Amino acid sequence: MILSQSLSLNELIRLIGHPVTIKGVQNPAVTGINELHSVRKGDLSFVDKDKYYARAAASDAAVVLINDDSVECPEGKTFLITDDPLRDYLAVVGHFTEFTPQETPIHPSAQIGEGTIIQPLVFIGENVKIGKNCVIHSNVSIYAGTVIGDNVVIHSNSTIGGDACYFQKRDDGWLKLTSCGDTYIGNNVEIGCNCCIDRGVSGTTYIGDGCIFDNLVQVGHDTHIGKRVLLGAQCGVAGCTYIDDDCKIWAKAAVNKDLYLAKGTVLLACSAVDKSVNSEGKTLFGMPAGDAVAKWREMAMVRKLPELERKIDEIYNKLFAAE
């Protein structure tokens, strides 16, 4: 999330509203707000787990909310020591993401390109931009801040830019991480019925040019999908994943969070990926997914096991029949 004007340290502390201890640079200028996975120079970020302390210290963040005073603050950075970094981070985010109820189906600030058709019962939120020659079918909801390119078709009942499913477990329930990111859909994209593409928690959920989504596809927050990617029906792609160009992910396949799928990866139907795929053009199958040919050989061997067991029993009985 990029701020329209920078925040001083005093303004930041006022928004936090809880006691903090300052380490490092005393006069930073905060120009954005981002989670650690998408942080940029000048950003405010937070860290509350020791396994991410080193990553936060090495990041481009100008200011980091952190709950451990023993972590060394690198030169040129500011640490704000607090008992609850996420709570304080969300206090700042909340100041810039106040929800405003909408009284009309299409917000007056929305920009809709020449030749674009908006069917009845479509919802278009604040500051949405839709390009030329698009078709938005009935009951589609396009949340605030979404950008859609030219020649895009979105079929009925799909939702673009809804909040991320991103929660932290607390003793008294779940604490929601407020979504302050946005959603981008490129040119010549077709999105089927009942698809859901979540906005970024703090960055951008990105759908590249020429992508095709079948019905009932779910794309999680801050995921980057490259050009000409095909997602079959009932696919699920978790948040913060990077899918490179020309991948094919067939029906009911699943991709776990924080992964990378190299260019031209093919994930066959009903498979699930739990590790990054770094070699281009691989075809994967299974759960967890692996090389498709190797997986088929494994399945063939499994089918032979009953016959192998029978033969082993025969040999055993012949060898020990006399005893």
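Where a number appears in this text, it was derived from the coordinates with a stated rule and is not lab data. Note that the structure is a prediction, hence the values are computed from the model and not measured. FYI the Cβ positions are ideal-geometry reconstructions off the backbone, even for glycines, and counts take in every protein chain you see.
How high is the relative contact order of the stretch 2-96, in percent, with contacts defined as C-alpha pairs under 8 Å that are six or more residues apart?
Result for the stretch 2-96 is 30 percent.
Among bridges DSSP assigns within the chain, what percent are antiparallel (round to 5)?
Restricted to the chain, the bridges split so that about 20 percent are antiparallel.
Determine which lysines satisfy two conditions relative to Lys227: a Cα distance under 24 Å, and not lying fewer than 8 residues away in the same chain.
Lys227 reaches Lys129, Lys132, Lys248, Lys252, Lys257, Lys263, Lys275, Lys282.
Out of all DSSP beta bridges with both ends in the stretch 111-240, state the antiparallel percent to the nearest 5. Spell out each step's value before the answer.
Working: 4 of 37 bridges.
Approximately 10 percent, going by the DSSP bridge assignments.
Counting only other residues whose beta carbon sits under 15 Å from that of Glu298, what net charge do I get with K and R as +1, D and E as -1?
+3
So for Phe96, Phe167, Phe46, fewest C-beta neighbours within 10 Å to most, what's the order?
Listing Phe96, Phe167, Phe46 from fewest to most nearby Cβ atoms yields Phe167, Phe96, Phe46.
Given points 7 Å out from each Cα along the Cα-Cβ axis, report the Glu309 to Gln5 separation in nanometres with one decimal.
Spacing of the two 7 Å Cα→Cβ label points: 7.5 nm.
One quarter of the convex hull surface, Cα atoms only: what value does that give for the chain in nm²?
Result: a mean projected hull area of 24.0 nm².
Count charges around Leu80 for me, please; just the other residues with Cβ under 14 Å from its Cβ, Lys/Arg as +1, Asp/Glu as -1. List each step's numbers first, then the result.
Values: positive: Arg14, Lys23, Lys77, Arg87; negative: Glu11, Asp43, Asp48, Asp68, Asp69, Asp83, Asp84, Asp88.
Value of the local net charge: -4.
For the residues Trp296, Trp174, Trp250, what sequence is obtained by ranking on other C-beta atoms within 10 Å, fewest first?
Numbers: Trp296 12, Trp174 9, Trp250 19.
So the ranking, lowest neighbour count to highest, is Trp174, Trp296, Trp250.
Which whole number in µm²/s is D for the stretch 241-282 by Stokes-Einstein, with the Kirkwood Rh taken over Cα pairs at 10 °C and 1.306 mPa s?
160
Sorting Phe99, Phe79, Phe123 on the 10 Å Cβ count, fewest up front, what's the list?
Result, fewest neighbours first: Phe99, Phe123, Phe79.
How large is the direction-averaged shadow of the alpha-carbon convex hull of the stretch 111-240, in nm²?
7.5
Output the relative contact order of the chain, whole-number percent, from Cα pairs under 8 angstrom with separation of 6+ residues. Walk me through the numbers on the way to the answer.
Numbers: 862 pairs, mean separation 24.8, N = 323.
Once divided by the residue count of the chain, the mean separation gives 8 percent.
Cut-off under 17 Å on the C-alpha distance; same-chain residues fewer than 8 positions from Lys23 excluded. Which lysines are left, in chain and number order?
Within reach: Lys77.
What helices does the chain hold that run 15 Å or longer along their axis, going by alpha-carbon atoms, with a Kyte-Doolittle average of 0.0 or more, using DSSP H for the helix calls? It would help to have the intermediate numbers written out before the result.
On the way: long enough: 85-96 (17 Å, 0.51); 292-320 (41 Å, -0.45).
Helices meeting the span and hydropathy rule in the chain are 85-96.
If you place +1 on the Cβ of every Lys and Arg and -1 on the Cβ of every Asp and Glu, how big does the dipole about the Cα centre of the stretch 111-240 come out, in debye to the nearest 20?
It comes to approximately 80 debye.
Relative to the Cα centre, what is the charge dipole magnitude of the chain, using +1 at the beta carbon of each Lys and Arg, -1 at the beta carbon of each Asp and Glu, and rounding to the nearest 20 debye?
Magnitude of the dipole: close to 740 debye.
Report the local net charge at Ala238: Lys and Arg +1, Asp and Glu -1, summed over other residues whose C-beta lies under 14 Å from its C-beta.
-2
Name the most mobile residue of Cys196, Cys73, Cys235, meaning the one with the largest mean-square fluctuation, in a Gaussian network model of the chain with Cα contacts below 10 Å.
Of the options given, Cys73 has the highest mean-square fluctuation.
Please state, rounded to one decimal and in Å, the Kirkwood hydrodynamic radius that the stretch 55-165 gives when every pair of distinct Cα atoms enters the mean of 1/r. Don't skip to the answer; put the middle values down first.
Details: mean 1/r = 0.0589 Å⁻¹.
It is 17.0 Å.
Where both residues lie in the stretch 170-240, what percent of DSSP beta bridges are antiparallel, nearest 5?
Of all bridge pairs located within the stretch 170-240, approximately 5 percent are antiparallel.
Compute the FRET efficiency between Met299 and Val153 as 1/(1 + (r/R0)^6), taking r as their Cβ-Cβ distance and R0 = 25 Å, and round to the nearest 0.05.
Working from the Cβ atoms, E equals 0.10.
Calculate the all-directions average of the projected area of the stretch 2-96's alpha-carbon convex hull, and give it in nm².
Averaged projected area of the stretch 2-96's Cα convex hull equals 5.2 nm².
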